[in-house]
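Taking it in order: structure first as structure tokens, then the write-up.
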Amino acid sequence: MEQEKVIVIDFGGQYNQLVARRIRECNVYCEIYSYKTPIDKIKEMHPKGIILTGGPNSCYEEGAPTYSKELFELGIPVLGLCYGAQLMQHILGGKVERAEVQEYGKTPVKVDTASPLFKDVTEDTICWMSHFDYISALAKGFKSVAHTKDCPVAAAECAEKQLYGIQFHPEVLHTPEGPKMIFNFVRNICGCAGTWRMDSFVESQIAAIREKVGDGKVLLALSGGVDSSVLAALLAKAIGKQLTCVFVDHGLLRKNEGDEVEAIFGEKGSFDINFVRVNAQERYYKKLEGVTEPESKRKIIGEEFIRVFEEEAKKIGKVDFLAQGTIYPDVVESGLGGESAVIKSHHNVGGLPDYVDFKEIIEPLRNLFKDEVRKAGLELGLPEFLVYRQPFPGPGLGIRIIGDVTADKVKIVQDADYIYREEVDKAARLYKEENCKDAPWLPNQYFAALTNMRSVGVMGDERTYDYAVALRAVRTIDFMTAEAADIPFEVLQIVMNRIIKEVRGVNRVFYDLTSKPPGTIEFE
């Protein structure tokens, strides 16, 4: 990225991606690197600023993550967050010790508004604390510019050297004025102009793709999800008919989703590409027959996709490039970016598939977060219903059906899910029209799942013995933790009545109140 940039150095903090996202929200480009990244590499990137993340260690302990003192002598503004703030003081001659009173959660903080870090911030503000160590003595040249009842140095600065440290987490939503603080650092202290925007990204990527691909052919496995759809639109704008999209409909998509994808990218759509739809529903149902164990279902669905895609790729013949919808969280979570623990491996990252004859992989969205991918999709002219589509797991409804998967069960969960999402969306629109703001209960993700439980009911004076549908809705910041959404009871009542009346084979509807942890967002 030929952009002014801020570097985030990761010390194992759980909020590393959130720090980067907050910087991007200031229209400033940034990348995450491990604390093991050599100082020479950092210098080569010519960053306008550097941010040190939090982490789970104590900086004064032997073997704790650290960095070269030279980092603070480059003349580049540095901001340390939590562990990063403590490490800065530890390296530069201050003192960090175990605190007698540990702070956690929302905490009143008094800030010095004369500090450039706290420009336009309320003097008495609320911040999210999470620390068991504290800065007991400041390094030479530093002064405290924020404190709490129990923490004498909630923030410190050496304005002369443009070095700043914050003990709390400005990147989380629980620090309401945190975005102002990050904006003050990257835009005012670092002097970034804020040129990172999706319109310029789309234009530059189209030019870059054309130059790289030349007259070559590109193959893309189009799932219909947000990432692959935005990638398809981007490639279509860049190279048109040189792109072939293979869309495998495994019969585990949401209601009408296969037809919606074809309407956008097929012959009658607005993108002039080669579009191949493979209707493999019966093939998948046969492979999944009698399989109830969740991981087995996942593996069968994933492996069968590879087989179907391989067959279609062979029909197309040799291609020059395989395109993948890898995005930045995939890279970071796979352990290829920062230093946080590997959360999961991603099929788009860490190895090239050996079942397609191609020269090279291209990943134009590799540097974007999900919200940026959505903005790029709108710039490319994709419809809002697709760009803001609910998150959907790769194995599809296969893991929203507890137990074995059949065509009849898929239809039940498709119809129930469609009704649920329709009614929640309708209620949210009405709330916004009446209150001129988004509903506070509006979930980040909501869907219906089919339990493996059948029970006795009465419908039309007749005994029934049918399935129970479970409704799931969560509010979350980062999908690492989540709470059940407080959807109004009258909305749930409407959903329940419609599902039981309109969906054959269902006589009970449950609402899942489980948070994450201990549960997960998906059922399997």
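Of all residues in the range 399-411, those that are on the phi < 0 side of the Ramachandran plot have Cβ atoms under 6 Å from Cβ atoms of residues that are charged (D, E, K, R), 6 or more apart or on another chain, in I399/E522; I399/E524; I401/K409. For the range 166-186, a residue qualifies if it is closer than 15 Å to C26 by Cβ and not in a helix (DSSP H, G or I), and the qualifying residues are P170, E171, E177. Among the residues of the range 154-165, is there at least one that is in contact with a Leu (Cβ under 8 Å, 6 or more places away or on another chain), buried (at least 17 other Cβ atoms within 10 Å of the Cβ) and in a loop (DSSP other than H, G, I, E, B)? Within the range 154-165, none of the residues are in contact with a Leu (Cβ under 8 Å, 6 or more places away or on another chain), buried (at least 17 other Cβ atoms within 10 Å of the Cβ) and in a loop (DSSP other than H, G, I, E, B). Tallying residues that are open to solvent by 10 Å² or more (accessible area, probe 1.4 Å) and either of a type in the set (S, T, Y) or touching a Lys or Arg at 6+ places or on another chain (Cβ under 7 Å) (or both) within the range 75-91 yields 1. Looking at the range 47-74, which of its residues are open to solvent by 60 Å² or more (accessible area, probe 1.4 Å), part of a loop (DSSP other than H, G, I, E, B) and free of Cβ contacts under 8 Å to residues at least 24 places away in the same chain? Residues satisfying the conditions are E61, E62, G63. Scanning the range 403-450 for residues being under 14 Å from L492 (Cβ atoms), acidic (D, E) and open to solvent by less than 30 Å² (accessible area, probe 1.4 Å) gives a total of 1. Screening M496 against (1) under 21 Å from Q390 (Cα atoms); (2) outside any strand (DSSP E or B); (3) within 26 Å of the chain's Cα centre (by Cα) leaves a single unmet condition, (3).
The set of residues in the range 292-321 being touching a strand residue (DSSP E or B) at 6+ places or on another chain (Cβ under 7 Å), at pLDDT below 90 and not in a loop (DSSP other than H, G, I, E, B) consists of F305, V308, F309, E312, A313, I316. Sort out for me the helices (runs of 4 or more DSSP H) sitting completely within the range 192-291 that have 1 or more residues that are surrounded by 22 or more Cβ atoms within 10 Å (Cβ to Cβ) and of a type in the set (S, T, Y). Fully inside the range 192-291 and qualifying: 226-239, 281-288. Between G381, G457, G394, the distinction of being of a type in the set (G, A, S), outside any helix (DSSP H, G or I) and over 27 Å from the mean Cα position of the chain (by Cα) belongs to G457 only. Could you look through the range 465-515, keep only residues that are within 24 Å of P329 (Cα to Cα), hydroxyl-bearing (S, T, Y) and open to solvent by 30 Å² or more (accessible area, probe 1.4 Å), and pick out the one that is modelled with the highest pLDDT? Here the answer is S515.
The values are calculated or read from the model by the stated rules, or taken from the named source; none is laboratory data. Quantities reported herein were computed from a predicted structural model and do not represent experimental measurements. Quick reminder, even Gly has a Cβ in these numbers, built from the backbone with ideal geometry, and neighbours come from all protein chains shown. Protein only, heavy atoms only, side chains kept; ligands, DNA and RNA dropped before computing areas. Shrake-Rupley method; radii C 1.70, N 1.55, O 1.52, S 1.80 Å.
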